[in-house]
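Each value in this text was obtained by applying a stated rule to the coordinates, not by laboratory testing. Since the model is a prediction, treat every value here as computed from it, not as a measurement. For neighbour counting, all protein chains shown are included, and Cβ atoms are generated from backbone atoms with ideal geometry for every residue, glycine included.
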Amino acid sequence: MSGMTDTEGVIQYRLDHRDGGLPRQADYEGLFDWFARCRQQGLLGRDPQRYDGYAYGNISVRATTGFVISGTQTGGQSRLGQNDLAWVTRFDSAANTLTAQGPSRPSSEAMTHGEVYAELPAVGAVIHAHSPAIWGKAAALCLPVTDAGASYGTPAMAQEVRRLLQATPRAGVIAMGGHEDGVIAYAATMPEAGRLLLDALARAGAA
């Protein structure tokens with residue numbers, strides 16, 4: 001079991017992780033493709049001058065049960081493979097617990113991804129990116145923003161995301177008020193989620 005910590009990029013929920021396989025039915029091609037695209041745009045990555053040098057950003061797709069997410073601290077890689085993934089089979093944001101299996105441990109934002117899938121059954125893909133441009137212009141872009149008092153990877157952040165999804169239950173982009181530069185894009189498919197994120201980035205540059 002993993003303990004809780006306030007360090008950027010480190011898992012804050014209590015994790016029950018076991019070795020095991022990944023589900024057969026998941027959009028791995030879309031996940032790998034959009035990880036690379038987001039990495040090229042700097043929306044996922046690792047920068048020694050930012051976030052204490054920790055890798056940032058993560059990406060997931062819905063599975064028949066639960067969801068598959070990029071592993072912790074994989075954002076700095078140029079590409080992903082199946083050995084870099086975790087299958088989240090159960091989570092409880094109120095109890096701050098998460099159960100997963102696979103070759104990698106799930107990302108620190110897995111709880112937030114889970115809330116999106118639980119709240120919106122039509123959503124099939126979630127991207128958590130870091131973008132100073134989008135985050136800093138969230139108001140100008142008319143993006144929903146989570147409360148600044150909710151920090152990343154916590155039950156409070158999960159609750160805030162749920163609140164915003166209930167208010168605007170459709171594909172979109174959310175800014176994470178309590179998580180510097182953090183944004184979430186979600187949609188029915190990975191290409192749609194990716195396009196929403198890139199569109200927000202373009203609009204931020206023009207704002």
Check your understanding: Counting alpha carbon pairs within less than 8 Å and at least 6 residues apart, what relative contact order, in whole percent, applies to the chain?
Key -> 20 percent
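When N counts the residues of the chain, how does its alpha-carbon radius of gyration compare numerically with 2.2 N^0.38 Å, as a ratio? Display every interim value, and only then the final one.
On the way: Rg = 15.1 Å, N = 207, 2.2 N^0.38 = 16.7 Å.
Taking the Cα Rg and dividing by 2.2 N^0.38 Å, one obtains 0.91.
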Review point. Quick one: what Rg and Dmax do you get for the range 29-114 from the alpha carbons, in Å?
Key: 12.7, 39
Revision key, fill the gap. Checking rank on 108-121, 139-152, 24-37, with mean other Cβ inside 10 Å and highest first, the result is 108-121, 24-37, 139-152
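Under the 0.36 nm per residue contour assumption, what length would be gained going from the current alpha-carbon distance of residue 16 and residue 95 to full extension?
27.2 nm
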Review point. Got a sec? How would 15, 43 order by Cβ neighbour count within 10 Å, fewest to most?
Key: 15, 43
Review point. What value, in deg cm²/dmol to 500, does the helix sum -39500 (n - 2.57) over DSSP H runs of n ≥ 4 give at 222 nm once divided by the residues of the chain?
Key: -8500 deg cm²/dmol
Review point. For the range 127-207, what's the radius of gyration and Dmax over Cα atoms, in angstrom?
Key: 11.7, 34
